[in-house]
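Engineer: My questions all concern the structure below.
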Amino acid sequence: MSWAAYPTKKLTLPIGMFFYHSDSQESDIEHVTNASASANTALAPYSHGTVPLQFTNQANATGVAETHTGAPSSANATTLAHEYRWDWAPGSTAFYVDGLLQANFTSNVPTTAGRYMFNNWA
């Protein structure tokens with residue numbers, strides 16, 4: 001099993017934590033701080049800009065849809081530190097916030113070792 005975690009404080013810019021080997025071997029946690037961004041409004045059932053957190057396993061083959069879901073952010077995401085983590089094991093990717101399971105995917109799970117990357121967009 002592999003895992004990654006990052007504590008954050010005062011999220012004011014969009015940030016992301018990625019496991020990345022290639023475009024078909026990628027798993028992400030993204031915090032999009034602009035609630036009206038199109039990336040947020042596309043994730044049902046959380047529509048109209050109410051999904052600041054996104055959990056994704058990118059499509060691992062042409063013609064296959066990515067596996068993703070969204071979740072509301074903590075009410076205090078911009079004022080207190082939080083831990084965002086995922087556990088990657090053969091056949092599953094589990095995403096956590098502050099130790100609480102948010103999503104567990106069994107499709108499009110990466111199968112090749114890669115790098116952990118951190119990003120923020122201004």
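Engineer: Please go through region 79-122 and give me each residue that is of a type in the set (A, V, I, L, M) and either closer than 21 Å to GLN25 by Cβ or touching a Cys at 6+ places or on another chain (Cβ under 8 Å) (or both), ordered by number.
Structural biologist: Initial filter on region 79-122 (of a type in the set (A, V, I, L, M)): 80-81, 89, 94, 97, 100-101, 103, 109, 113, 117, 122.
Of everything in region 79-122, those that are of a type in the set (A, V, I, L, M) and either closer than 21 Å to GLN25 by Cβ or touching a Cys at 6+ places or on another chain (Cβ under 8 Å) (or both) turn out to be ALA89, ALA94, ALA103, VAL109, ALA113, MET117.
Engineer: Follow-up question, since we're still on this one. Which condition does MET1 not pass, out of (1) surrounded by fewer than 15 Cβ atoms within 10 Å (Cβ to Cβ); (2) at pLDDT 70 or above; (3) not polar (S, T, N, Q), if it passes all the others?
Structural biologist: Of the numbered conditions (1) surrounded by fewer than 15 Cβ atoms within 10 Å (Cβ to Cβ); (2) at pLDDT 70 or above; (3) not polar (S, T, N, Q), the odd one out for MET1 is (2).
Engineer: Of all residues being surrounded by 21 or more Cβ atoms within 10 Å (Cβ to Cβ) and in contact with a Pro (Cβ under 9 Å, 6 or more places away or on another chain) in region 12-30, which is modelled with the lowest pLDDT? Just the residue, please.
Structural biologist: GLU30
Engineer: Looking at region 70-85, can you tell me whether even one residue there is over 19 Å from ASP23 (Cα atoms), free of Cβ contacts under 8 Å to residues at least 60 places away in the same chain and aliphatic (A, V, I, L, M)?
Structural biologist: yes
Engineer: I would also like to ask the following. What number of residues in region 90-122 are in a strand (DSSP E or B) and among the charged types (D, E, K, R)? Working first, answer last.
Structural biologist: First, pick out the residues of region 90-122 that are in a strand (DSSP E or B): 92-97, 100-105, 115-120.
Going one step further and asking which of them are among the charged types (D, E, K, R), we end up with 115.
Number of matching residues: 1.
Engineer: Which of the residues spanning region 94-115 are over 12 Å from the mean Cα position of the chain (by Cα), without any contact (Cβ under 8 Å) to a residue 40 or more places away in the chain and either farther than 18 Å from ALA75 by Cβ or surrounded by 18 or more Cβ atoms within 10 Å (Cβ to Cβ) (or both)? Don't jump to the end; show me each part of the working.
Structural biologist: Residues of region 94-115 that are over 12 Å from the mean Cα position of the chain (by Cα), as a first pass: 98-101, 106-115.
Checking which are without any contact (Cβ under 8 Å) to a residue 40 or more places away in the chain leaves us with 98-101, 106.
Listed by number, the residues that qualify are LEU101, THR106.
The values are calculated or read from the model by the stated rules, or taken from the named source; none is laboratory data. Being a predicted model, the structure only gives us computed values, none of them experimental. Counting neighbours? That spans all protein chains shown, and the Cβs are built from the backbone with ideal geometry, glycine included.
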